[in-house]
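The values are calculated or read from the model by the stated rules, or taken from the named source; none is laboratory data. Predicted model, so just to flag it, every value in this text is computed and none were measured. Using ideal geometry, Cβ is built from the backbone for each residue, glycine included, and neighbour counts are taken over all protein chains shown. We work out accessible area using only protein heavy atoms, side chains counted, and drop any ligands, DNA or RNA first. Shrake-Rupley method; radii C 1.70, N 1.55, O 1.52, S 1.80 Å.
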Amino acid sequence: MIFSKKHVMYESEHTKFISELKKQNPHLDEGQVAGRALLWDKEPVSLDEQARVQESRLRQQAYPYQTKV
């Protein structure tokens, strides 16, 4: 497949926007990494800890507003 130089040099509006944003805020990447670490990058939980958490959960009624009879 042959691409013309016009297509190889193409840069979308979104890509241009992100590039400009990163030029204006060079610390943006560090903030993204810190945010990801805060919310997603967690230490693995041991099987014993998983079992303890599962056993300590309280069973909820199917319909919580129904009175127990």
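Filter region 42-69 for residues that are aliphatic (A, V, I, L, M), open to solvent by less than 100 Å² (accessible area, probe 1.4 Å) and either part of a loop (DSSP other than H, G, I, E, B) or in contact with a His (Cβ under 6 Å, 6 or more places away or on another chain) (or both) and give the result.
To start, the set of residues in region 42-69 that are aliphatic (A, V, I, L, M) comprises 45, 47, 51, 53, 58, 62, 69.
Checking which are open to solvent by less than 100 Å² (accessible area, probe 1.4 Å) leaves us with 45, 51, 53.
Hit for region 42-69 is 45, nothing else.
Check residue 58 against each of (1) hydrophobic (A, V, I, L, M, F, W, C); (2) more than 23 Å from the chain's Cα centre (by Cα); (3) at pLDDT 90 or above and name the one condition it does not meet.
Status for residue 58: all satisfied but (3).
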